[in-house]
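The values are calculated or read from the model by the stated rules, or taken from the named source; none is laboratory data. These numbers come from a predicted model, not from an experiment. As a convention, Cβ positions derive from the backbone with ideal geometry for all residues, glycine included, and neighbour counts pool all protein chains shown. Remember, those area values only see protein heavy atoms, side chains included, never the ligands or the DNA or RNA. Shrake-Rupley method; radii C 1.70, N 1.55, O 1.52, S 1.80 Å.
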Amino acid sequence: MLVAVLTYVGYGVLTLFGYLRDFLRHWRIEKCHHATEREEQKDFVSLYQDFENFYTRNLYMRIRDNWNRPICSVPGARVDIMERQSHDYNWSFKYTGNTIKGVINMGSYNYLGFARNTGSCQEAAARVLKEYGVGVCSTRQEIGNLDKHEELEKLVASFLGVEAAMAYGMGFATNSMNFSKGCLILSDELNHASLVLGARLSGATIRVFKHNNMQSLEKLLKDAIVYGQPRTRRPWKKILILVEGIYSMEGSIVRLPEVIALKKKYKAYLYLDEAHSIGALGPTGRGVVDYFGLDPEDVDVMMGTFTKSFGASGGYIGGKKELIDYLRTHSHSAVYATSLSPPVVEQIITSMKCIMGKDGTTLVASFPEAEFGPTAVCSVSRLNSFQRVTAAMDGGAKASLGKECIQQLAENTRYFRRRLKEMGFIIYGNEDSPVVPLMLYMPAKIGAFGREMLKRNIGVVVVGFPATPIIESRARFCLSAAHTKEILDTALKEIDEVGDLLQLKYSRHRLVPLLDRPFDETTYEETED
């Protein structure tokens, strides 16, 4: 309660100082950098003086240096960042010419470690680049439909366990251009902006239910069936439920079994956005459907992106053949957009085959001291990995490299979350979610946390309004299979220090080891300070 009060007070103080600075700018006592109307337009409707512009001028500009930092390396476990400075309070930046080397990357969506410039994916993409070139220069319906696109879509359908699939050149556009008019859309309140935009552009009626709240969803379903459409009271043509696998700002996992049960009970349709969950969840990396052990046929529309776990770009939609055939001729994202670049397609194909175990890579148990070779994409703990693989081989099975990366991501996720809880931080989300939001709350701590972490050679993503509720600012960590235990321990040590420095350890419940029995992952209990 105290933290919430202090957060509101912090925003109140910033707002008061914002109005004071606007007053000084009006009388030209302080230099005005922001866009303003010309004198001859003063009688027109104001274009700039709204609340969001006020927020940008007086709050966002204070911490603008935490965003849009230019990276000049592969977004792997470590990155190189171009150093920049501002001499006008973040209104503009100048590059110093120096590079900050080896910054631990805790912000990229490189869940399985495929964002690399070496290894099998890079070699395959380079071969295709030499053969096909970079661009397609046409849409799929015209002369931009390559054999590689057909191969990718067949592979995606096989991977998802659906009849057919269709690839798109942009993940955001996969959601934002594919909804149709005349139905009722029931959308989770924390759905991504692409889903929100797509629903709005469709012209369909939209109703929002509370995040992951099945009672709220069921009430909307009941009302939709009982009352029908407004004014006419006719039944809705279709009722479409929109949910995400992993919510990218919360780290929470959709309660998919319950959503499917409601969908079947009320004869609705289900649209599942697996942008963050595909590759990152489930024993075989097939997303939240695999995570819960459900039948893919229970999901009417399976959407996902290639930008995260596959280290590429673009998106896909999977489902029944009739659905995909309809989208091929009616989807604006497909009809009017240029096709995926051939090297990008090959990156997706190679990484997906690796996850599926179809790339021919297996971990050799005969040489525990050896590295995994040039095709390795995840930096795992060698001894633990060897023990797991040996056990698998003793049982007559071979562990593929992709399976090993999935397991490593799961281990990294649970370890990182557990350690943050031990330190006393408040973190959101499911225990198996590689998206880990650490709550900052107060506006002054958004910029302070990002800057202090960069001083310690760790790159993090800090998030505030309007991406989150105004009092729920946070730092968002994204775990990767490319993170070694040493990297995570280094990051955790610095997070612990910065947490003490900025007084971010708000949790009154901490996990502490029980020292009266041998240590393992289960020897923890929750205690209250």
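Assorted remarks:
- Total residues in the range 308-346, condition open to solvent by less than 20 Å² (accessible area, probe 1.4 Å), of a type in the set (S, T, N, Q) and either farther than 21 Å from Val136 by Cβ or in contact with a helix residue (DSSP H, G or I) (Cβ under 8 Å, 6 or more places away or on another chain) (or both): 3
- Subset of the range 74-91 [in contact (Cβ under 8 Å) with a residue 24 or more places away in the chain and either among the basic types (Lys, Arg) or outside any strand (DSSP E or B) (or both)]: Val74, Pro75, Gly76, Ala77, Arg78, Asp88, Tyr89, Asn90, Trp91
- Wholly enclosed helices (runs of 4 or more DSSP H) of the range 281-354 bearing at least 2 residues closer than 28 Å to Asn412 by Cβ: 288-292
- Filter result (touching a Gly at 6+ places or on another chain (Cβ under 6 Å) and not polar (S, T, N, Q)) within the range 461-477: Val461, Val462
- Only strands (runs of 3 or more DSSP E) whose full extent lies in the range 153-216 are considered here, and the ones with at least 1 residues that are over 20 Å from the mean Cα position of the chain (by Cα) and hydroxyl-bearing (Ser, Thr, Tyr) are 205-209.
- Every pair of residues 6+ apart whose Cβ atoms lie under 7 Å, when the first sits in the range 220-233 and is farther than 20 Å from Lys210 by Cβ and in the same structural domain as Ala268 (by the TED database) while the second is open to solvent by 100 Å² or more (accessible area, probe 1.4 Å) and among the β-branched types (Val, Ile, Thr): none
- Residue count for the range 116-137, restricted to those that are open to solvent by less than 40 Å² (accessible area, probe 1.4 Å) and over 16 Å from Gly314 (Cα atoms): 6
- Positions within the range 433-451 being open to solvent by less than 10 Å² (accessible area, probe 1.4 Å) and either assigned to a strand (DSSP E or B) or small (Gly, Ala, Ser) (or both), in sequence order: Ser433, Val435, Val436, Pro437, Leu438, Met439, Leu440, Gly447, Gly450
- Against the test of being over 26 Å from Gly293 (Cβ atoms) and open to solvent by less than 30 Å² (accessible area, probe 1.4 Å), the options Ile185, Ile206, Ile241, Ile246 yield a single qualifying residue, Ile185.
- Applying the set (1) more than 20 Å from Tyr111 (Cβ to Cβ); (2) open to solvent by less than 10 Å² (accessible area, probe 1.4 Å); (3) within 20 Å of the chain's Cα centre (by Cα) to Leu256 leaves exactly one unmet item: (1).
- So Met249, is it at pLDDT below 95 and within 21 Å of the chain's Cα centre (by Cα): yes
- Phe17 fulfils the conditions (1) touching a strand residue (DSSP E or B) at 6+ places or on another chain (Cβ under 7 Å); (2) of a type outside the set (A, V, I, L, M); (3) open to solvent by 40 Å² or more (accessible area, probe 1.4 Å); (4) not in a loop (DSSP other than H, G, I, E, B) except for a single criterion, (1).
- Val196 vs. criteria closer than 24 Å to Gly287 by Cβ, open to solvent by 10 Å² or more (accessible area, probe 1.4 Å) and of a type in the set (A, V, I, L, M): yes
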